[in-house]
1. Looking at the structure I just gave you, is A:Ala120 within 12 Å of chain B (Cβ to nearest Cβ), over 23 Å from B:Ala395 (Cβ atoms) and at pLDDT 95 or above?
2. Please find, within segment A:55-75, the residue that is nearest to A:Leu164 (Cα to Cα) out of those that are crowded, with 24+ Cβ neighbours inside 10 Å and away from chain B (no Cβ under 12 Å).
3. If I filter segment B:28-36 for residues that are of a type in the set (Gly, Ala, Ser), surrounded by 24 or more Cβ atoms within 10 Å (Cβ to Cβ) and at negative phi, do I get at least one hit?
4. Are there strands (runs of 3 or more DSSP E) fully within segment B:1-83 with at least 3 residues that are more than 16 Å from ligand 2 (Cβ to nearest atom) and within 14 Å of another protein chain (Cβ to nearest Cβ)? List them.
5. Quick one: count up the residues across segment B:192-222 that are touching a residue at least 40 places away in the same chain (Cβ under 8 Å), within 10 Å of chain A (Cβ to nearest Cβ) and either among the hydrophobic types (A, V, I, L, M, F, W, C) or within 16 Å of ligand 2 (Cβ to nearest atom) (or both).
6. Run down B:Arg190, B:Arg169, B:Arg122 and say which single residue is assigned to a loop (DSSP other than H, G, I, E, B) and open to solvent by 30 Å² or more (accessible area, probe 1.4 Å).
7. Taking the residues in segment A:109-121 that are assigned to a helix (DSSP H, G or I) and in contact with a helix residue (DSSP H, G or I) (Cβ under 8 Å, 6 or more places away or on another chain) as candidates, determine which candidate is surrounded by the most Cβ atoms within 10 Å (Cβ to Cβ).
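The values are calculated or read from the model by the stated rules, or taken from the named source; none is laboratory data. All of these numbers come straight from a predicted model, not from anything done at the bench. For neighbour counting, all protein chains shown are included, and Cβ atoms are generated from backbone atoms with ideal geometry for every residue, glycine included. Accessible surface is based on the protein model in full, side chains and every heavy atom, while ligands, DNA and RNA are left aside. Shrake-Rupley method; radii C 1.70, N 1.55, O 1.52, S 1.80 Å.
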Amino acid sequence: MTSRREFLQSTGAVLGTTWLATRWSEVLATGTAAGRARDDAKPFVALAAADAADLAAIAERIIPSGETPGAREAGVIWFMDQALSGFMSAALGLVTSGLADLNRRVLAEGLETRFVGLDAQAQDRLLTAIEAEPFFEAVHFMTLAGLFAMPAHGGNRDHVGWKLIGFEHAHGWQPPFGYYDGRADKDNGEST
Amino acid sequence: MTTPRVRFAHRKPVDFAIVGSGAAGGVLARELSTAGFDVVVLEQGSYRRAEDFSHDELSVIIQHEISSGASGTWPQTFRRAADQKSVIPEFPAAYYATTVGGSSVHFSGNYWRLRPVDFNERSRLGAIKGTGFADWPLSYDELEPYYTRVDWEIGVSGAPGPFDPPRSRPYPLPPMPVKSSGVLLERGARAVGLHPQVAPVAVLSRPFNGRAPCIHCGFCMGFGCETGAKSSALATMIPQAEATGRCEIRPESTVYRLETDGRGRIGEVLYYDRDGGEQSQRARCVIVAANGAETPRLLLASESSRFPDGLANGSGKVGRYLMFNAHSVTHGVFDHALNDYKSVQCSRIVHDFYETDEKRGFYGGGGIDGRPFLSATPILYALNGLPPDGPRWGAQYKARLAEMFTRKMVVAGSTTSLPLETNTITLDPELRDPWGRSAIRVTYRDHPDDLAMATFLQDRAVDILEAAGANRIWREPVLPSTIGAHLLGTCRMGDDPETSVVDRYHRSHEIRNLFVCDGSSFVSSGRGQPTMTIQALAFRAAGHIARFARAGEI
Ligand SMILES: Cc1cc2nc3c(=O)[nH]c(=O)nc-3n(C[C@H](O)[C@H](O)[C@H](O)COP(=O)(O)OP(=O)(O)OC[C@H]3O[C@@H](n4cnc5c(N)ncnc54)[C@H](O)[C@@H]3O)c2cc1C
Ligand code: SF4
């Protein structure tokens, strides 16, 4: 069987990876509602509040806030809740058991708190230990999807994900598109 | 003004039932209805129009809103060889669009003709051991008028290049504007002695036949075009077919069986409607244009006591010789912003390595292009677009994400695939779809020469990116394919009923009123970008089929 890594590298791949469940119609139906839930700070649908706090904390270590906004400002946790109650509901068990396991590790280290209460250094140490696990993969995927999907799906608040990478969303564009085709001395004269 | 849509009775035979409304099916429907025949097109996907498409990457790409990835609805399995157990892959192995207009709706529109060599390379080079390498039963010259028809019927933008095959008419539309990736590809390729040329694309650079030109939205590969500038079957052939008043497009109609009668002719096409109800359409003649994965599946699933191995399968070749076109992908990062996420994928290509060169030590040829590839949209960029060696999370990862999106491009290579009898579409013995049909099982392993060619093109891609001034270059390893978006060869055409499924007019060797015309008809793979040829074949086939129908020879 193809490993995930091999899969991503398989260059016949026209597109990247996906998460197993594919009930896209549910996403469409509830997408806007998720954006609204985020803005009204409504309670979560799939996630218990404590789990949500830990998940949000993991997302914030994957894409930390700094000079530019990160997973927190993007509201990625709202995307996650939406995904886990919709098209990724098949992964909900993986996520909740992964969180329970992570918190067992916290206790095993003699720390009297849940993951969210740790300092960033301790959080990173624990995440490094589990970064090859399917649980981390799932959260990693949801963090990126939540950062970059259309805001209607719950994350990417005020387009902070798109602004981070310099992606502008417009209905259309006109040339020049970039630096090299905009230069007057571009060497594309002959073959056109 | 919209023509009232025609509806045909199910029990009264229509002249033609066409299975699939994609690149080939759209052309066949338009040509046959224009020629005066009654046509019903059965399409499993929904009828979405330009205004139904969106830039919603999560729904369209990740959740397969319009494509075969919906594992619940269109499940597939994959294995590399017959002695392996097949598994449900994370991503569909046979990747195609399930919507009216088929995969031409979400494709990138790179439109390359085949060249004379593609049709007779077996004669030129001799047999290749262990493969089904063969000539086509037709030549480039025979197909040339139909390539020209495709150019002018659907609207292709481009300009001639130094290695192009002869053409009887210029491109109808001037090239698309060059992108930064095109400028850089051109600069790098020239510097290493190659001959870059304009990328021909099935996208309008100017208004054409009442359609508006491309607005360079960038949501092109994998998405439906919201303006109709992409020259898909949906934007071109299908409205023209419907306007004749003799063509009914029947969406959400999943054909599960072609029923043969006592005379060994097909009388009925059985399908499920949107509610799962069993329906049937009678027809005098059936044309299967469901693509290189679904066409063989349907023929195999239609087995009967008279045709125990499936329809049109006396040769045993239905579902065999599947060809994907191998790939290589090489990334380069530059100092300034390319913004390659804007506009269509490709604006420049390199065809210097099209021909097989025995000095390389292996069979094959291919093409190179410059494009954003998967980094055209943010989620796929984040999943696929960064170098493999850095951190995958944390502040440094975030900084990298931020730095590269606007500054990178891909130089992609696409190659020949040798036809192998062991690369197949078969029916999965276990997995069923929601209707109870056997799922598609894809068995695929590239011939070593195909991977050698992909690697050769990757070496050239590195040369090009270096010469263009990339500050960072990385290769995606060339590995055996697990996914194909080009689904070719599974009902190959030929004169000999022992070794092919359809004849040179796309009529099945065994069943007189069954024709097959789509990517499955290919004998060899070309060098990538097969759809121009799929449509040229469909125009040609439609002419012959109409002739047979008029002469009472169906
Ligand atoms: C992301 C992507 C990018 C691509 N880019 C390019 C490119 O740049 N250049 C290029 O040349 N090619 C490209 N391709 C490939 C191109 O899309 C295909 O080669 C082409 O569309 C195949 O045409 P076809 O007529 O054989 O089948 P399709 O266009 O796939 O049409 C088949 C139709 O039949 C329908 N169907 C299947 N089974 C049934 C059934 N049982 N009952 C009813 N209906 C059925 C399907 O839903 C579909 O609509 C790309 C493909 C993808 C996925
Ligand atoms: S880039 Fe042009 S052709 Fe492609 S989807 Fe956008 S408008 Fe349509």
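1. On the way: within 12 Å of chain B (Cβ to nearest Cβ): yes; over 23 Å from B:Ala395 (Cβ atoms): no; at pLDDT 95 or above: yes.
Judged against the criteria, A:Ala120 is not a match.
2. Once the filter is applied, the top-ranked residue is A:Gly75.
3. Step one: filter segment B:28-36 for residues of a type in the set (Gly, Ala, Ser), giving B:29, B:33, B:35-36.
Filter once more, so that each one left must be surrounded by 24 or more Cβ atoms within 10 Å (Cβ to Cβ): B:29, B:33.
Pick out the ones that are also at negative phi and you get B:29, B:33.
Taking every residue of segment B:28-36 in turn, at least one turns out to be of a type in the set (Gly, Ala, Ser), surrounded by 24 or more Cβ atoms within 10 Å (Cβ to Cβ) and at negative phi.
4. Values: elements: B:14-19, B:39-42, B:76-79.
Output list reads B:76-79.
5. So the answer is 8.
6. On the way: B:Arg190 fails: assigned to a loop (DSSP other than H, G, I, E, B); B:Arg122 fails: assigned to a loop (DSSP other than H, G, I, E, B).
Just one listed residue meets the conditions, B:Arg169.
7. Pass one, segment A:109-121, residues assigned to a helix (DSSP H, G or I): A:115-117, A:120-121.
Narrowing further to those that are in contact with a helix residue (DSSP H, G or I) (Cβ under 8 Å, 6 or more places away or on another chain): A:115-116, A:120.
On the way: A:Phe115: 23, A:Val116: 18, A:Ala120: 13.
Selected residue: A:Phe115.
Matching residues to (1) free of Cβ contacts under 8 Å to residues at least 60 places away in the same chain; (2) surrounded by fewer than 22 Cβ atoms within 10 Å (Cβ to Cβ):
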position: B:Arg371; (1), (2): no, no
position: B:Pro378; (1), (2): no, no
position: B:Ala382; (1), (2): yes, no
position: B:Gly385; (1), (2): yes, no
position: B:Arg392; (1), (2): yes, yes
position: B:Ala395; (1), (2): yes, yes
position: B:Gly413; (1), (2): no, no
